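Step one of this worksheet: look at the structure below.
Computed from the coordinates by the stated procedures, all read-outs in this text should not be read as laboratory data. All values derive from a computational prediction rather than experimental measurement. Cβ coordinates were reconstructed from backbone atoms using ideal geometry, including for glycine residues, and neighbour counts include every protein chain displayed.
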Amino acid sequence: MKKMYYVYRHIDCVNNIPFYIGIGTNNNNSTSYKRSKDKNRRSQEWKDYVNSIDNNYNVEILFETNDYLLVNKKEREFVKLYGRKDKNLGTLLNKDNAGKGKRELSQNSFDSMISKQKLKAVVVYNSLGEKIGEFNRTQAASDFTNIPYLSIKQCLMKKHQQSKGFRFLYKKDEVSKLEPLEYKKFNRDTKLKCHNVLTGEVIIFPNMTTAGKTLNIPLGTIGNNLKGTTKLAKNKYKFNYI
């Protein structure tokens, strides 16, 4: 499930001015905008200001997207639009220029940061090698495929070929189509053959459990090899069902 990001503002209803800009995240189709309504995780200056206007303020959602980079960019734009009070540029209580992180960034530095983030964009393929999606972050690809973040990183580092039928490449390595790769779901009770590619020895096992105990290999490692996630188990064993 994709995460949705949003930019919000707090408006002083007494003086009719915006006094804070922030971003938040909604998960699993939620529309609660919980972060925008939170009064506890705020600076003391924010709390003092809200007390001075007797809590008479409104919350407005300014922008929504599933693009993490874009929502950071929009937050920065709104902070710049309304201006920071501590810099005598406007009415906002924000203590940084927003966007990402808490540093004072020049526009060139910010643009450079965005460019570097884009290098981490991830392209997702199915087991047939067809492109099915493109995401600006590994976590976004994980949300879409429901594949754990660390499993995707293993694929991106080319330690695994696929995970649950999905294949992943960094955007910079993108190709129009990959070679098809068979994806199998393993069965623990099926007879299998193990080929030691270093010695040439072939052993027949009645099931995965016996193979794992005999060779001292975790069942997950054997399963990943059977599914085609890895080329070899323990860098020397190739398993196939009989």
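Some points to look at:
- Applying both filters, DSSP loop and at most 11 other Cβ atoms within 10 Å, to the GluC sites (Glu not before Pro) of region 139-242 gives 182, 201.
- For the chain, size of Cβ-based charge dipole, Lys and Arg +1, Asp and Glu -1, in debye: 920 debye
- Helix 107-118 and the long axis of the chain differ in direction by around 20°, with both axes built from C-alpha atoms.
- Within a Gaussian network of the chain (alpha carbon springs, distance under 10 Å), most fluctuating of 71, 59, 124: 59
- GNM top mover of 127, 43, 163 - the chain, alpha-carbon springs below 10 Å: 43
- Ordering of 89-95, 7-13 by packing is 7-13, 89-95, highest average first (other Cβ atoms within 10 Å, averaged per residue).
- Eigenvalues of the alpha-carbon gyration tensor of region 122-173, scaled by 5 and square-rooted, set the equivalent ellipsoid semi-axes at 13, 12, 11 angstrom, largest first.
- For region 192-241, the equivalent ellipsoid built from the Cα gyration tensor has semi-axes of 13, 13, 10 Å, listed from largest to smallest.
- Taking the C-alpha atoms only, the angle from helix 68-82 to the longest principal axis of the chain is near 10 degrees.
- Alpha-carbon spread of the chain, three principal axes, descending order, Å: 81, 35, 26
- Cut-off under 5 Å, modelled amide H: who pairs with residue 20 long-range: 10, 93
- Selection from 139, 214, 44, by position along the positive dipole direction of the chain (Cβ): 214
- Phi-based couplings in Hz for region 32-47 (Karplus 6.51, -1.76, 1.60; Gly and Pro marked x): 7, 6, 4, 4, 5, 9, 5, 10, 8, 7, 10, 5, 5, 5, 4, 5
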